[in-house]
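Bear in mind these aren't lab numbers, they're just calculated from the coordinates by the rules spelled out. The structure presented is a predicted model; accordingly, all values stated were derived computationally and were not measured. Note that each Cβ is placed from the backbone with ideal geometry, even for glycine, and that neighbours are counted across all protein chains shown.
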Amino acid sequence: MYDTQEKIIKIVIIDDHQLFREGVKRILAMENNFEIVAEGDDGSKAIDLVEQFHPDVILMDINMPKVNGVEATRRLIELYPDIKVLILSIHDDESYVTHVLKTGASGYLLKEMDADSLIEAVRVVADGGAYIHPKVTHNLINEYRRLACEPANDVEIGFREVEYRRPLHILTRRECEVLQLMTDGKSNRSIGEILFISEKTVKNHVSNILQKMNVNDRTQAVVEAIKNGWVMVR
């Protein structure tokens with residue numbers, strides 16, 4: 001699925017908790033093509049580290065004492081529009097997510113993530129995609145549904161004008177099943193266990209879904225599927 005499987009992905013970690021940084025480094029070290037080139041304990045160091053090490057991905061904590069991750073990301077994107085920032089946070093509230101994404105961050109992960117999610121997120125973001133923690137995606141979807149139900153607003157008008165139809169005109173039945181499970185917030189590993197297929201096969205299905213739906217990442221696919229009435233939000 002990813003073009004970054006073979007090349008070295010250079011990573012900078014910025015978090016004010018040393019023990020957390022050490023844990024993240026141990027997880028990322030399991031991947032042969034991941035290289036931790038630098039680390040810092042505050043957002044104020046982000047620009048200097050980028051200038052010095054030219055990383056592919058920055059893992060950025062959102063809460064830090066001097067310069068927080070949101071402000072640091074905003075400064076970085078202004079200077080380096082193509083920089084890939086993956087936010088790490090304890091907050092799953094959709095307001096945090098939307099605020100961070102507006103700064104130009106490429107992804108949002110909760111610190112309760114498992115190792116596989118972290119590794120997958122780094123690969124997706126390094127490859128130019130976006131990655132949002134499944135739990136956060138669920139909250140965003142719920143907020144979208146709430147807004148869509150409010151009377152007399154532009155969201156409702158747009159929502160009503162959508163043409164509702166099943167996705168079998170573009171997706172296979174198996175891809176429809178995978179798309180539904182993506183909407184349920186399931187990881188690739190969980191989808192594989194539910195459908196009794198390998199995680200590699202799930203990744204291939206996800207890649208095909210994104211290509212057929214003409215979207216860049218899982219989150220866009222889920223949002224479009226909901227707008228078109230292709231999946232159930234449960």
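Taking the square roots of five times each eigenvalue of the Cα gyration tensor of segment 9-142, the equivalent ellipsoid has semi-axes of 19, 17, 14 Å, listed largest first. A Cβ-based charge dipole, computed about the Cα centre of segment 173-228 with Lys and Arg at +1 and Asp and Glu at -1, lands at about 100 debye.
Stretching the chain fully between Ile47 and Glu31 yields a gain of 3.2 nm (0.36 nm per residue, less the alpha carbon separation).
Comparing Val67, Leu110, Gly40 along the charge dipole axis of segment 9-142, the residue lying farthest to the positive side is Val67, per the Cβ-charge model.
Using the Cβ-Cβ distance between Asn228 and Lys102 with R0 set to 22 Å, the FRET efficiency from 1/(1 + (r/R0)^6) comes to roughly 0.30.
Between the listed residues Ile226, Val202, Leu179, the Cα displaced farthest toward the positive end of the dipole of segment 173-228, a dipole computed from Cβ unit charges relative to the Cα centre, is found at Val202.
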